[in-house]
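One structure below.
Derivation of every value follows stated rules applied to the coordinates shown; laboratory data play no part. Predicted model only: the values in this text are computed from it and were never measured. For neighbour counting, all protein chains shown are included, and Cβ atoms are generated from backbone atoms with ideal geometry for every residue, glycine included.
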Amino acid sequence: MHGIEPANLHLERQILSSTLSQEVVCAPPTIYLEHVRKTLPSSVGVAAQNCYKVSKGAFTGETSPAMIKDVGVEVAILGHSERRNVFGESDELIGAKAGHALKAGLKVILCIGEKLEERESGNTEEVVFRQLKAITDNIKPDQWQNVVIAYEPVWAIGTGKTASPAQAQEIHVKLRKWLNDNVSADVAQKTRIIYGGSVTADNCRELAREGDIDGFLVGGASLKPDFVQIVNARQ
Ligand SMILES: O=C(CO)COP(=O)(O)O
């Protein structure tokens, strides 16, 4: 539930006055989606932080992909670690949400990542492959162009502990190999795998140098003027 803070006014001016070299997508809380879509130029994408798995029905409090599209928004983040770990969303539910969002015409940023105890007990691969499988089972071959995978180790989100570039690259390579072996070589090669978890202006360049890190999912640092440096990490 990241808020919109005063620092963002400064950020907005910087982003709007610079020529964007990368795709930038802003994901405000649901209640601000329409305002943000109307305020930002079309060169900046807007994403919902979550959406539900069906188009209509008695699901008080939920937002369907159709409603998100109604306000001109074209992307949804699904499976964020807080959805999984605070709100108890299962792999199965996240897979169903991904399948429905894609069918409804949204692009999706699908988050996966292990908890600290899972990493420490040597289960990182098992966890992220299981999460990835639950998602990929719901994606049709022609929908992959609308999918971005976000690897976000839970222990690195909002903690100030970033995965080292080598740690992140190692998992990204494994995820790509999994896609190669279980989906297709084409999907493995073309799907963007972005990294999230305490990305800052200080560590973004080093992370961006890794060959399999195709972008970032940024929380705290996106609320600061430094965010512009993260957008330009590859330059
Ligand atoms: O996933 C994230 C935000 O939702 C990452 O957050 P931080 O960049 O603050 O670690």
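Side notes on the structure shown:
- Rg then Dmax, both in Å and based on the Cα atoms of the range 54-108: 11.1, 29.
- Assuming charge only on the beta carbon of Lys and Arg (+1) and of Asp and Glu (-1), the dipole of the chain about its Cα centre is about 520 debye to the nearest 20.
- Other residues with beta-carbon under 15 Å from the beta-carbon of I194 carry, at +1 per Lys or Arg and -1 per Asp or Glu, a net charge of +1.
- Eligible lysines near K69 by straight Cα distance, threshold 25 Å, same-chain separation 8 or greater: K38, K53, K56, K97, K103, K107, K140
- Each other residue within a Cβ distance under 11 Å of I112 adds +1 if Lys or Arg and -1 if Asp or Glu, for a net charge of 0.
- Extreme residue, positive dipole direction of the range 6-231, given options A66, A201, P225 (C-beta unit charges): A66
- Here the simple spin-label model places points 7 Å from the Cα toward Cβ, and for K140 and E170 these points are separated by 3.9 nm.
- Difference of contour (0.36 nm per residue) and Cα-Cα distance, T39 to D202: 55.8 nm
- Residues listed by number, the range 54-70, amide nitrogen under 18 Å from S90 label point at 7 Å toward C-beta: 54
- Label-point gap, in nm, between K103 and R209 - each point 7 angstrom along Cα→Cβ: 4.6
- For A47, residues with placed amide H under 5 Å, excluding near neighbours: C26, A27
- Global form of the range 81-211, assessed from the alpha-carbon gyration tensor, a/c cut-off 1.5: prolate
- Distant-in-sequence amide contacts of Y52, defined by a placed amide H-H separation under 5 Å and a gap of 5 or more residues or a different chain, comprise T63, S64.
- Using all pairs of distinct alpha-carbon atoms, the Kirkwood hydrodynamic radius of the chain works out to 18.0 angstrom.
- Calculated [θ] (222 nm, deg cm²/dmol) that DSSP helices of n ≥ 4 give over the chain, each run adding -39,500 (n - 2.57): -11000 deg cm²/dmol
- Estimated vicinal HN-Hα couplings, Hz - the range 35-46 in sequence order (Karplus 6.51, -1.76, 1.60; Gly, Pro = x): 4, 5, 4, 6, 7, 7, x, 5, 5, 10, x, 10
- A66-E117 pseudo-label distance in nm [points 7 Å out on the Cα-to-Cβ vector]: 4.1
- Translational diffusion of the range 33-153, estimated by Stokes-Einstein from the Kirkwood radius over alpha carbon pairs at 20 °C in a medium of 1.002 mPa s, is 144 µm² per second.
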